[in-house]
Amino acid sequence: MAQIDKKEIEKALESVVYPGSDQSIVALGMVSEIFIADGKAFFSVTVPAEKANEMEPLRLAAEKAALAVPGIKSAMVALTADRKPGSAPQKPSASAAKAAPQARTKAGVPGIGSIIAVASGKGGVGKSTTAVNLALGLQTLGLRVGILDADIYGPSLPRLLKISGRPQQVENRIILPMENYGLKVMSMGFLVDEEAAMIWRGPMVQSALMQMLREVAWGELDVLVLDMPPGTGDAQLTIAQQVPLAGAVIVSTPQDMALIDARKGITMFRKVEVPLLGVIENMSYFIAPDTGARYDIFGHGGARAEAERIGVPFLGEVPLTISIRELSDAGTPVVVSEPDGPQAKIYRDIAEKVWAQVGAGLSKPAPRIIFE
């Protein structure tokens, strides 16, 4: 397929006139950098913050114009509401204030019983591998399970679950999730090439996350696992504020440096009143396959001690093993490829504890917090 020049989309967007003016959104400098991958166009349109709620028709017009460009099969257009520097937030009207409690209610996802976030304070602690094996462990309990790769910049589920190809789009912009090992899966990695660099501002990431969550035909699921991006940035706050999470699982390695970052994740979830389902110590120890000797490469017990200190459940220790690494790289997670092995049993035990926490009714409504 011939490469599409972003200038073709810019030209098409010149037909989209900003309401109340005689100029296009391109001429007014409202269109962000345009990113194109595999016939899908991504960009945002910056509008005045006080008019953001009125601009959905403008967004749809921009999307329609982009779709008219030959070779563009779909478009993801987000509205960016930038407040001018130094301007104060507007006070809500009396009617808006009266409706505020209702507006704070987080909308669930039809058909999904519970949503669990798997998070870490930093990258490199094995969070995605843990999320995949936790999802498969929940499935062994007889649950209908899906998993969403919420890491826009570094999606890893296509490789970890050995899934390739592109999801199909059905009516009303809804797309069908990919599937393997009985899991329903969605990831930005299915929509762009593996080597594509996603150079997006925060609002585009937030929009993409909400679309992958709410515009996917998940069907009936008992639980959806969110493989969160590492850290405590825009994406994590968007999910914590807008998604009715049943709880969060924190993954950390034992050493102090990892625990420092894990504490930041724990603090974030507590501030937005998302229940903490527990802490997992990953890469907890190493058993030498030739001698059987145990080595605490990253120390040991740090995550357990932290969980006890802050009063949240400790879910278990996952060892650092060659088999988990090799099977993850091959896209054949240990829970399905070695179901009778000791590592699979550890993940199943963790899944049982997590689901027991969800079933115990730890979930409670969390307020939507607005960060100015």
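The values are calculated or read from the model by the stated rules, or taken from the named source; none is laboratory data. In this text the structure is predicted, and so the values were computed from the model without any measurement. FYI the Cβ positions are ideal-geometry reconstructions off the backbone, even for glycines, and counts take in every protein chain you see. Ligands, DNA and RNA are excluded from the accessible area calculation, which covers all protein heavy atoms including side chains. Shrake-Rupley method; radii C 1.70, N 1.55, O 1.52, S 1.80 Å.
Restricting the count to DSSP beta bridges whose residues both fall in the stretch 213-353, what percent are antiparallel, rounded to a multiple of 5? Don't skip to the answer; put the middle values down first.
On the way: 2 of 12 bridges.
Roughly 15 percent of the DSSP beta bridges within the stretch 213-353 come out antiparallel.
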- Dividing the alpha-carbon radius of gyration of the stretch 275-361 by 2.2 N^0.38 Å (N being the number of residues), what value is obtained? 1.18
- Query: So what are the radius of gyration and Dmax for the Cα set of the stretch 149-190, in Å?
  - Reply: 10.4, 30
- Once the dipole of the stretch 230-294 is set up with Lys and Arg at +1 and Asp and Glu at -1 on Cβ about the Cα centre, which of 284, 250, 267 lies farthest towards its positive end? 267
- At a 1.4 Å probe, what is the % contribution of carbon and sulfur to the accessible area of the stretch 1-75? 51 percent
- Note on the structure: Here the stretch 219-226 yields Karplus 3J(HN,Hα) values (6.51, -1.76, 1.60; θ = phi - 60°; whole Hz; Gly and Pro given as x) of x, 8, 10, 6, 8, 10, 8, 9
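Please grab the % of Cα pairs in the stretch 206-253 that end up more than 13 Å from each other.
Value for the stretch 206-253 (Cα pairs over 13 Å): 62 percent.
Could you sort 298, 190, 286 by their accessible area in this structure, using a 1.4 Å probe and putting the largest first?
298, 286, 190
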- For the stretch 1-62, just the Cα atoms, rotate onto the principal axes and tell me the three extents in Å, largest first. 40, 21, 16
